[in-house]
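Right, one structure below, let's go through it.
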Amino acid sequence: MCNTYYEKMASIEEFDFKDLSKEEIEEILLIINPPKQSINSTRFILTTLIVGRDHKALKKINKLDEETYNKYLENLEKADYFDEKGFPKINKTDENILPEITFARYVAEGVFTGKYITKNYYKFDFSTKREDFVKQDDNTDKELFNYEWMKIIQDKSTGQIYLKKNDSTVIIPFVDSKHVLLEYQYRPAIKKYSFEFPAGGILQEKDLETSVNKRLIEETGYIATKVEPLFEVYPSPGIYSSKHYYVVAKKVVPLQKSDSNIDVRVFDFNRLAHYIKTGEIFDSKTILAYLYYKANNKTV
């Protein structure tokens with residue numbers, strides 16, 4: 001029944017959120033809020049669409065403590081979230097309402113920072129600071145070399161050398177039930193261009209969904225409306241410590257133009273087997289993600 005309200009929102013370019021009842025708001029929250037995460041910020045964003053920057057109404061509807069309320073409002077103000085009438089600049093079109101509400105939630109929480117330029121366009125700073133990454137200090141081993149996200153370590157008990165790297169996420173981004181995004185980028189280590197699923201480091205004290213969406217937005221300009229864990233693996237435990245978390249990002253939609261120089265292309269998921277056989281796709285994590293998903297999902 002709740003899908004009725006989402007379809008209603010998605011089908012009307014300028015949907016009037018003021019017409020929503022309290023029960024309808026609760027049902028929409030169940031659709032758009034990530035599972036196992038606090039619903040507070042999602043509710044806050046949704047209610048700004050109804051009452052704008054009306055402090056009295058916002059506080060009454062959300063029932064947040066003063067510190068959280070001020071944090072959400074301050075972060076949104078910094079991002080220039082509200083227009084001159086006090087209402088969000090969120091673009092309420094059928095393609096953007098869900099990801100923009102999701103993205104605004106991250107802004108309110110302070111996960112993403114930057115500037116909302118105009119409707120349907122955010123300009124965010126994704127520069128990585130070293131302290132953002134998970135610290136993986138090991139006092140029992142000897143550090144031989146340290147460069148930002150990578151360390152060369154000597155195991156004291158065996159004398160063996162290994163790389164200590166941050167854990168990463170590997171993303172299968174589905175545009176719809178049959179098509180996925182692949183990145184096409186130059187890899188200096190092998191002097192070749194490679195087709196790959198998006199992947200990147202997991203940030204300190206950030207949930208997996210946040211890391212996935214940050215990576216997607218940074219490299220592709222897309223955002224996922226839903227993220228589901230697929231499996232976990234150590235890609236090369238004899239050489240380095242990193243663990244890879246494979247996930248499926250469903251219904252990814254464009255949010256902004258990517259700042260990266262990575263070429264992003266849409267592929268038929270079932271055609272990837274052909275490109276793997278011909279050697280056009282040779283990236284191991286991409287091949288592993290495809291094979292695992294195909295082995296465990298019969299519907300694609």
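Descriptive notes on the structure:
- Förster radius 30 Å - calculated FRET efficiency between Ile161 and Lys71 (Cβ-Cβ, nearest 0.05): 0.10
- Cα gyration tensor, region 161-291 - rounded (a/c under 1.5), prolate or oblate: rounded
- Charged neighbours of Asn70, selected by a Cβ distance under 12 Å, balance to -3 (K, R count +1; D, E count -1).
- Of the cross-linked pairs Lys22/Lys71; Lys151/Lys191; Lys164/Lys191; Lys71/Lys257, those separated by over 26 Å at the C-alpha level are Lys71/Lys257.
- The label-point distance for Glu84 and Lys59, in a model that sets each label 7 Å from Cα toward Cβ, rounds to 2.9 nm.
- Carbon + sulfur, % of accessible area of region 146-300 - ligands and nucleic acids excluded, 1.4 Å: 52 percent
- Using θ = phi - 60° and Karplus 6.51 cos²θ - 1.76 cosθ + 1.60, couplings along region 262-273 (whole Hz; Gly, Pro as x): 7, 7, 10, 10, 9, 10, 5, 4, 5, 7, 4, 4
- With a threshold of 22 Å on the Cα-Cα distance, the over-threshold entries among Lys165/Lys214; Lys56/Lys89; Lys60/Lys226 are Lys60/Lys226.
- Shape call, region 229-300: gyration tensor on alpha carbons, a/c limit 1.5: rounded
The values are calculated or read from the model by the stated rules, or taken from the named source; none is laboratory data. The structure presented is a predicted model; accordingly, all values stated were derived computationally and were not measured. Neighbour counts run over all protein chains shown; Cβ positions are idealised from the backbone, glycine included. In case anyone asks, the SASA skips ligands and DNA or RNA and just uses the protein heavy atoms, side chains included. Shrake-Rupley method; radii C 1.70, N 1.55, O 1.52, S 1.80 Å.
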